[in-house]
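Quick note: the coordinates plus some simple rules give every number you see, no bench work behind them. Since we're looking at a predicted model, the values are computed, not measured. Glycine also receives a Cβ, built like all others from the backbone with ideal geometry; neighbour counts cover every protein chain displayed.
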Amino acid sequence: MNKPLKITGLLVAMLLLSHCSQRQDSSKAEVKDISELPRITGQTQAPASVRPLLEQADEALRDGQTTEAINHLQRALQISPATAEIQQRLAEAYLADSRYRQAAYWADIVVSTGPKSDPLCSQSRQTLALAAEAMGDLSTQAQALAALNDCLQP
């Protein structure tokens, strides 16, 4: 290769590299740092944006397709992560799928952070009691059943 062609090639390469180093990565600019966002507060009812997923989960459960129902509920939870209704439905789907540890986990979250006096209150405690019983955790079962009385108090 002759010398002028090599020099031209090197100059073009240097220009391209200098352009790349000056170019901003637009994908980084679009990413939000979620640590700066306010914490999500819990809500009882699921928003309208996830209702179709909840309906698909209900249909899958009616058809005995618990894994599919869980997948729909997990997607709904990604959209609305602090919604007690979705968390409770997920606990019930795991219970139906005989995945008792996961059922107890999600039911316990609803017991701890969910409503204290509506039907969701008693549902979460019943789900926790059933999952605990299936795992042989009689202490947790007894606590969940005893906490049912708290749901009746307005």
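For Arg125, the shell of other residues with beta-carbons less than 13 Å away shows a net charge of -4, using +1 for Lys and Arg and -1 for Asp and Glu.
Descending by average beta-carbon neighbour count within 10 Å, the peptides 46-58, 63-75 line up as 63-75, 46-58, the highest first. Positive contributions from Lys and Arg (+1) and negative ones from Asp and Glu (-1), summed over other residues with Cβ under 15 Å from the Cβ of Asp97, come out at 0.
Count Lys and Arg as plus one, Asp and Glu as minus one, and take only other residues whose Cβ is under 11 Å from that of Gly114; the net charge is then -1. Near Thr83, the amide H atoms lying under 5 Å from its own belong to Gln43; only residues 5 or more places off or on other chains count, and H is placed 1.01 Å from N.
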